[in-house]
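Each remark here refers to the structure printed beneath this line.
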Amino acid sequence: MQEQPENWEPRIIAFLCSWCSYAGADLAGVSRRRYSPNVRIVKVPCSGRVNPFYIVKSLQQGCDGVLVSGCHPGECHYSNGNYYARRRFAILKRLLEYIGLEEGRVHFSWVSASEGDKFAKVVNEVTETVRKLGPATRLVKHSPVDGVVN
Amino acid sequence: MDLQTKLRQEARKLLEEKLVDVVIGYEDEGAPLRTTPCFITDPQDVDRLVWNPFCDHNLARYLTARKDKAAVVAKGCDTRAIVVLINENQIERKNVNILGMPCGGIVDRKKIYNHLKNGDVREAVLKDKVITVKGLEFTADLMVDDFLADCCLSCRHRNPVLCDVQIGENLPPLDVKDEYKKIKQLEESTSEERWEYFRKTLSKCIRCYACREACPLCYCQQCFTDQNFPAWVGKTTDISDTIVFHIMRAFHTTGRCVDCGACERSCPNNVDIRMLTKKIAKDVKELFGDEAGLQLEEKAPLSFYNEDDPQDFIK
Amino acid sequence: MRTTPRILSSEKIMKTIKKDKINTVLDFLIKKYQVFGPVQKDDLVVDFGRIQNGAQACLEFSNTNEPAKKLFFPQAETLFSYTGSDAAQVSELKPEKPRIIFGMRPCDAKSLSLLDAVFDGPDYKDPYYIVKRKNTTIFTLACRRPRSNCFCDSLGIGPFSKKDTDVFMADLGDRYVFEPITPGGADILNKIPGLENARPTDAERLKNLRSEAESKVARKVDLDNLPEKLARIFDHPFWDGIHQKCLGCGICTYLCPTCHCFDIVDEQKDDKGRRIRIWDSCSYPTFTLEASGHNPRATGKERMRQRLMHKFRYFVENYGEIACVGCGRCINHCPVGSDLIREIENINNLK
Amino acid sequence: MKNPYVPMPVKLKAVRLENETGDLKTFDLVFVNSGDAENFKFVCGQFAMLSINGVGEAPFGIASSPLTKEVLRFTVKKYPKGVLTTALHNLSEGSTLGLRGPLGNGFPLEKMTSKNLLVVGGGFALTTLRALTKYVLHEKNRPHYGDITLFVAARDPGEMLYKDDLAEWSKRNDIEIVQTIDKPVEDWPHKVGFAAPVLKDLAPSAQNTTAVVCGPPIMIETCIKVLAGLHFPDEEIITSLEMKMKCGIGKCGRCNIGSKYICKDGPVFTYKQLKELNSVTV
């Protein structure tokens, strides 16, 4: 774990499926559940729509953590998008951690439209995990192309 | 009769009887420790075909863009790639005639160069299982089996899984103690160590895309690296972009990679590309029980699902 | 094109130093210059890298994996940066300290004179390349171990060529000898402490080593009529077959010391951006792919033809020389074993 | 040493849609720095690289006449896969962009003096031909040229470029304008048919005439054949070529036909030169 800069707050991007998890986030808001403000939400039609590139690019662009959330198995609005997503993410998560991305940068969850409480809980957990890891560095692109060989 | 003679006979027959338009195989152009792909259309040229442990290219690479009917010389791993290509509707079974070669493993030239302390091999003669290499200042007898490519050392499909004609008898299965030994070793190290390992090996990458071009399963009409709208990966040698390129290329081979090693052998800078693809193959097997390219009509593991797939990583 | 000033032969006093002292030479140079030299990257790969102390240099090598061009024409180089839509900001191009490339092979040194024709030609000047070139002194190291696919001889270079360098070095076994070629090179050489005057027999020894090295350049290729021949065979059916096994990767062009084609791309994060020049390759379909979807070099055939024509005909028509130095890298590293020499022989044999 | 890769800042003064399909826009640009404006001297037929920070750069022929000092005009076709052309089309007036140039050789105006001119343009390749027409019709220049014929081909009336200019020129009696569209359309007063056959019917005289042909590759090819059939000498058929370009100064290596770079040695070539370079296209 590295030293954390002063006033640093984790920046987390959350890809939420519009039918369940996004509605769950909505419910959390409507029910005035307090949850960590570190999450920036991107609404997607389905967790199956989340191209693994979205996750990798987010990390490359400097997100400290990524959360992908969709409907519970069996509840996908498109009947099976989340099942496909589940397979992809299983592989991707292992691969990212294998190449040396810290465990705890990338998270997945199932949150239904009625689970406002769960959404708040997941977001808080994710935020705390990422906070403990500190700012992302490993895959982040800094790109000082300087015209001189290494 | 040796396999090479049998192979030539078979190829001659196919061309003479006009069963195929071309035979894609290997020929020896005189470069030591190497063969080169050849495309034979005239039955009189079949004697150019060779079969030896230097036949390292995965010729399935040449099948996807073809409109004609081709016979292809294919080792166990190559036939697995062909199966994947057929399953993914990239080639039609009827348009490819597979000359299946049971394969005892191919030689990794780089291992020989390494052994010879980067000595300049000017001549290499193979006799039985012994390669006599000659340089200007040295001569050495090397055993083929001591210099097999890494992918061959953990190969569990040495015989063709699909072919029209098999040249030679099946080889007994290799006693593979631990197919994923190197992967497991790396998995057991710390996250920092793994990052350092990949950062180091991938920093040698010059983004020439030979790995992609040598891979029979990298057939996308436009690779994500070439897309600019959006530009998924930066085009510079920035290490972050290079790592992203390799992560995503490897990811695209999920459940499809047959571990023929073509990517790694093609790399001019010795990047450990298989350490990524093999890891994914291992996970696919662990998580979904699948192995790529073993039978026709088999679906790639990311193109279907089971309701009870593992999901302990999901909150 | 650059004309290299040469010093009078009377001033060519050869210097020498024991091999085990070579690090002191490098350590001295590092104080005043940015020094680049061959560095062991892994068991098989030696490449040019910045040398911070003499011990990092690896002078026992055949040739670097990547050519020296990247020191003057890096694979990725920022042309300028900008904020939002503001005007371009070009940063100082001049290196902080003058540079020395220590241990470049004569073939790579020759390639720089060919690149000079492109980047420092009569019309448009390329400041990024020229500034690096002007601020760099080259120490070539004669090649005692040409490899099996070397054919520099056929390009009129040879493993002991003293052209296109500032200081010529050679390995005499237990010692290195240095011969100043340009006044700039002589200047630096005179300042290096610990160098002794070469022995009277060294010249003879050099001559012998030279013919020994030349005899190791086993491959030859006849290039005499190639440009004219190529001019006559643009539409020859020969091109239909030659590209069949080519994978279309960029190895031969990226590792070629004279290939210099590039792409220009923008990269931006938030409102900070840069326009970057990166190596590109005529082997890639995207090289000439237009926004409309039209690609004038649509298949491997056109792309392979372009590569050979450019090196052996167009470059000759434009700059009077063949764009090849016979280093053999494209042959050594081609994943499918394409052999440039064989291709040229095939062309020579065409009716 | 002048850095040939650094663009000059220019402002988008006016932008307007040029055709009914909506994929052609004309951009009027002005230099931000007055020094740049003064130093920017070009001839008809040259091009410039336009760039947007963070997006990229691409070459476009200059459509305004060198005698028009107020603005530089470009007409750009938007391609679905064209990153820069799409971004250009999304720009609003007042935006800043970059311009490098002028680049290329331009039309051989000196050689064309005292000749009759046959200007043949198809599709949106009319850009540099507009510059040429404007230039030769200028009162200072008109006396130096013989008969001038402007032959314009477009898919349909809605795709006809520079309608205002065509209308204005039509009023003059020192230029003949022929317009043709691919298929018949009601109320179309001009010719109908592809460029090449219509040009053939028109049978312009090759006598002391220079033909300048710009358009899509297939049109250039067919029209050149027609002109050759009408006994235009190879060196009197002039065309302007296009290819993907990155540097614009003959270094990046992609836009060559034979040993000539379209960016540096072209884009204007005579048919004679193209024949010597082995190829009409590449």
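Shape verdict for chain B, please, from the Cα gyration tensor: rounded (a/c under 1.5), prolate (a/b greater than b/c) or oblate. Kindly include the intermediate steps, with their values, before the conclusion.
Numbers: a/c = 1.62, a/b = 1.23, b/c = 1.31.
Here chain B falls in the oblate category.
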For the stretch A:13-118, which trypsin sites (Lys or Arg not before Pro) are in a loop by DSSP, counting at most 11 other Cβ atoms within 10 Å?
A:R32, A:R34
Which cross-chain or sequence-distant (5 or more) residues have an amide H under 5 Å from the amide H of C:R105, H modelled 1.01 Å from N in plane?
C:L141
Folded to 0 to 90 degrees: helix C:300-309 orientation relative to chain C principal axis, Cα
40
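Please compare each pair in A:K93/B:K184; D:K134/D:K171; B:K134/C:K245 to a cut-off of 24 Å on the Cα-Cα distance and tell me which ones are over it.
B:K134/C:K245
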As an exercise, use a Förster radius of 35 Å and the Cβ-Cβ distance of C:N23 and C:N225 to find the FRET efficiency, rounded to the nearest 0.05.
0.15
In order over the stretch C:227-234: 3J(HN,Hα) from phi, Karplus 6.51/-1.76/1.60, θ = phi - 60°, whole Hz, x for each Gly or Pro, gives x, 5, 4, 4, 5, 9, 10, 3
Treat each spin label as a single point 7 Å out from the Cα along the C-beta direction, and report the D:E168 to B:H115 distance in nm.
8.0
Short version: ³J(HN,Hα) in whole Hz for each residue of the stretch D:75-91, in order, from phi by Karplus 6.51 cos²θ - 1.76 cosθ + 1.60 (θ = phi - 60°), x for Gly and Pro, what are they?
10, 10, 8, 8, 10, x, 9, x, 5, 6, 4, 5, 5, 4, 5, 8, 6
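Using the per-residue mean of other Cβ atoms lying within 10 Å as a proxy for protection, in what order, highest first, do the peptides C:32-40, B:172-180 fall?
Descending packing order for the listed peptides: C:32-40, B:172-180.
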Run the quick spin-label model on B:F229 and A:R32: label points 7 Å from Cα toward the beta carbon, then report their separation in nm to one decimal.
5.0
Under the 0.36 nm per residue contour assumption, what length would be gained going from the current alpha-carbon distance of B:K315 and B:D145 to full extension?
56.4 nm
If you take the charge dipole of the stretch C:162-305 about its Cα centre, with +1 on Lys and Arg Cβ and -1 on Asp and Glu Cβ, which of C:V221, C:L195, C:C282 is farthest toward its positive end?
C:V221
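So what is the 222 nm mean residue ellipticity for the protein assembly as shown from helices alone, if each DSSP H run of at least 4 adds -39500 (n - 2.57) and you divide by all residues, rounding to the nearest 500 deg cm²/dmol? Mind dumping the intermediate values first?
Details: 34 runs with 318 residues, N = 1098.
Helix contribution divided over all residues of the protein assembly as shown: -8500 deg cm²/dmol.
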Separation of the C:D42 and B:D21 label points, Cα + 7 Å toward Cβ, nm
3.9
Quantify how strongly other chains surround peptide B:254-265 by giving the mean number of their Cβ atoms within 10 Å of each of its Cβ atoms.
1
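If you take every DSSP beta bridge whose two residues both sit in chain C, what share of them, in percent to the nearest 5, is antiparallel? Provide the component values of the computation, followed by the final result.
Numbers: 34 of 45 bridges.
Antiparallel bridges make up about 75 percent of those DSSP assigns within chain C.
Need one word for the protein assembly as shown: rounded, prolate or oblate. Basis is the Cα gyration tensor (sqrt eigenvalues a ≥ b ≥ c); a/c below 1.5 gives rounded, then a/b vs b/c decides. Present the calculation step by step, with values, prior to reporting the outcome.
Details: a/c = 1.40, a/b = 1.13, b/c = 1.24.
It is rounded, given that a/c, with a ≥ b ≥ c, falls under 1.5.
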Quick one: angle between helix C:202-216 and the longest Cα principal axis of chain C, in degrees between 0 and 90, rounded to 10, please.
30
Applying 1/(1 + (r/R0)^6) with R0 = 60 Å to the Cβ-Cβ distance of B:N95 and D:R16, what FRET efficiency is obtained, to the nearest 0.05?
0.70
Quick one: go through the stretch B:66-87 and flag any residue whose amide nitrogen is under 11 Å from the point 7 Å out along the Cα-to-Cβ line of B:L296.
B:83, B:86-87
Here the whole-number average of other chain Cβ atoms within 10 Å per Cβ of B:227-235 is 6
Can you give the angle from 0 to 90° between the axis of helix C:106-119 and the longest principal axis of chain C, with both taken from C-alpha atoms, to the nearest 10?
50
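Taking the Cα centre as origin and putting +1 on Lys and Arg beta-carbons and -1 on Asp and Glu beta-carbons, what dipole magnitude results for chain B, to the nearest 20 debye? Don't skip to the answer; put the middle values down first.
Working: 46 positive and 52 negative charges, 104 e Å.
Roughly 500 debye, rounded to the nearest 20.
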Show which lysines lie in cross-link reach of D:K2 when reach means a straight Cα distance below 21 angstrom and same-chain residues fewer than eight apart are skipped.
C:K94, C:K125, C:K132, C:K134, D:K41, D:K246, D:K251, D:K264
In straight Cα distance, which aspartates and glutamates are under 18 Å from D:K25, not counting same-chain residues fewer than 8 positions off?
D:E57, D:E93, D:D156, D:E159, D:D164, D:D165
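Below 8 Å between Cα atoms, with a sequence gap of 6+, how large is the relative contact order for the stretch C:178-328 in percent? Provide the component values of the computation, followed by the final result.
Details: 117 pairs, mean separation 29.7, N = 151.
Averaging sequence separation for qualifying contacts and normalising by length gives 20 percent for the stretch C:178-328.
Just to confirm a number: summing +1 for Lys and Arg and -1 for Asp and Glu over residues other than B:V96 whose beta-carbon lies under 9 angstrom from that of B:V96, what do you get? Before the final figure, lay out the partial values.
Working: positive: B:R66, B:K69, B:R93, B:K94; negative: B:E92, B:D164.
Combined, the nearby Lys, Arg, Asp and Glu give +2.
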Sequence neighbours fewer than 8 away in the same chain don't count; with that in mind, list the lysines whose C-alpha is under 19 Å from C:K272.
A:K57, A:K141, B:K235
What order, most packed first, do the peptides C:67-80, C:125-138, C:285-298 have when packing is the mean number of other Cβ atoms within 10 Å of each residue?
C:67-80, C:125-138, C:285-298
Isolated Cys in chain D by the 4.7 Å beta carbon test?
D:C44, D:C214, D:C223, D:C255, D:C263
If you count, for every residue in C:252-261, the Cβ atoms of partner chains within 10 Å of its Cβ, what is the mean?
3
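No value in this document is a laboratory result; all are computed from the given coordinates. Every value quoted in this text rests on a predicted model; they were computed, and no experiment measured them. Cβ atoms come from the backbone with ideal geometry, glycine included; neighbour counts cover every protein chain shown.
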